[in-house]
1. Give me the angle, in degrees from 0 to 90, between the Cα long axis of helix 152-169 and the longest principal axis of the Cα atoms of the chain, rounded to the nearest 10.
2. Excluding Phe67 itself, calculate the net charge of residues whose Cβ lies under 14 Å from the Cβ of Phe67, where each Lys or Arg counts +1 and each Asp or Glu counts -1.
3. What FRET efficiency, computed as 1/(1 + (r/R0)^6) with R0 = 30 Å and r the Cβ-Cβ distance, is obtained for Thr150 and Lys35, rounded to the nearest 0.05?
4. By count of other Cβ within 10 Å, fewest leading, how are Arg121, Arg169, Arg141 ordered?
5. Lys and Arg at +1, Asp and Glu at -1: add these up for the other residues within a Cβ distance under 15 Å of Asn8 and post the number.
6. Quick check: the angle from helix 75-86's long axis to the longest principal axis of the chain, C-alpha only, nearest 10 degrees?
7. Using +1 on the beta carbon of Lys and Arg, -1 on that of Asp and Glu, and nothing else charged, what's the dipole of the stretch 4-169 about the Cα centre, debye to 20?
8. At 0.36 nm per residue, minus the direct Cα-Cα distance, what do Asn43 and Met97 gain on full extension? Give it in nm, one decimal, please.
Amino acid sequence: MDSIYQFNAPLYNSENFPLSQLQGKTVLIVNTASKCNFSVQLNALEKIYQQYKSNGFTVLAFPCNQFGQNEPLDNLAIKDFYQDQFNISFEVFGKVMVNGPETHPLFNYLKSHTRGISQNRAIKWNFTKFLINSQGQLVARYAPRTKPETLIQVIENNLLQAAKLSAARGGKKVPSKIPLFTPAKA
């Protein structure tokens, strides 16, 4: 069974990051850009990451300069900007191409595994989001305008499924309605 685990990607500092080290985690992959009007979503992404990271959730930011030249910074400056402006602590990768002949293989995989009307379709803008389950499979693709906080329920559902799968592998029983997660305080 293919999954995102077959890919590697360079972090902002050029260090190779094998996505296989994310096995068992629920992942939200986002193509980002510091100068994009949607960059305010980084605040919400960090809040969700902080709320759920202890439950096996992570966010991966893949900067891209293909849309309106909204990512003019170099990789180290991107990481600094994201930390300074949005205080993010999740992984930031080096700039990638998400469309065209130089598309990073991960994004070719994500586009080809999208179901429905968006299948194999080009990414239209920054902050397209891809939710990945704990087995490394694409669950859903979300448009740039989709606010991260609207994904909390589907993230929680995937984390609950991952907890059940993990418990089943370990021979433990997990009730179907266990209150694993508490909503964020406003």
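1. Result, in degrees: 50.
2. +3
3. Here the calculated transfer efficiency is 0.80.
4. Arg169, Arg121, Arg141
5. Spelling it out: positives minus negatives among the neighbours equals -3.
6. Result, in degrees: 60.
7. I would put it at about 660 debye.
8. Between Asn43 and Met97, full extension yields 17.1 nm more.
Read the figures in this text as sums done on the coordinates, not as results from a lab. All of these numbers come straight from a predicted model, not from anything done at the bench. For neighbour counting, all protein chains shown are included, and Cβ atoms are generated from backbone atoms with ideal geometry for every residue, glycine included.
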